[in-house]
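The values are calculated or read from the model by the stated rules, or taken from the named source; none is laboratory data. If you're wondering where the values come from, they're calculated on a predicted model, not measured in any experiment. Cβ placement follows ideal geometry from the backbone for every residue including glycine, while neighbour counts extend to all protein chains displayed.
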């Protein structure tokens with residue numbers, strides 16, 4: 001059962017400017033997609049339970065255990081700039097970015 005969709009109207013609603021060649025190509029592609037969907041809908045699925053995944057899935061959780069962490073002094077010693085126990089970073093908020101005209 002072919003579905004007649006006005007590709008030009010859909011493109012206009014989406015604010016897309018498409019050439020006549022693009023309208024024809026996208027119309028053919030959409031037709032192929034709809035035909036495939038129709039074939040999938042025609043498959044005999046009686047007795048097949050609905051699933052969200054074709055293979056059985058089980059969650060594989062790792063244990064939530066705290067492992068060693070980095071030493072603060074070692075990390076701060078490797079930082080380009082530090083102020084006491086904090087990293088210092090260049091200010092970016094409130095500064096005009098090159099090429100930014102607001």
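Condition check: surrounded by 10 or more Cβ atoms within 10 Å (Cβ to Cβ) and over 30 Å from residue 89 (Cα atoms). Does residue 21 satisfy that? Answer is no for this residue. Taking residues in the stretch 84-96 that are under 11 Å from residue 72 (Cα atoms), and partners anywhere that are modelled with pLDDT of 90 or more and in a loop (DSSP other than H, G, I, E, B), the pairs with Cβ atoms closer than 7 Å and at least 6 places apart or on different chains are 87/79.
For the structure I just gave you, tell me whether residue 46 is exposed (fewer than 10 other Cβ atoms within 10 Å of the Cβ), in contact with a helix residue (DSSP H, G or I) (Cβ under 8 Å, 6 or more places away or on another chain) and not in a helix (DSSP H, G or I). Lay out the reasoning, then the answer.
Working: exposed (fewer than 10 other Cβ atoms within 10 Å of the Cβ): yes; in contact with a helix residue (DSSP H, G or I) (Cβ under 8 Å, 6 or more places away or on another chain): no; not in a helix (DSSP H, G or I): yes.
Spelling it out, it is not the case that residue 46 is exposed (fewer than 10 other Cβ atoms within 10 Å of the Cβ), in contact with a helix residue (DSSP H, G or I) (Cβ under 8 Å, 6 or more places away or on another chain) and not in a helix (DSSP H, G or I).
Residue pairs whose Cβ atoms lie under 8 Å apart, separated by 6 or more positions or on different chains, with the first residue in the stretch 28-51 and within 16 Å of residue 5 (Cα to Cα) and the second part of a helix (DSSP H, G or I), are 30/7.
Regarding residue 70, is this residue surrounded by 10 or more Cβ atoms within 10 Å (Cβ to Cβ) and assigned to a loop (DSSP other than H, G, I, E, B)? Taking the combined requirement at face value, the residue does not satisfy it.
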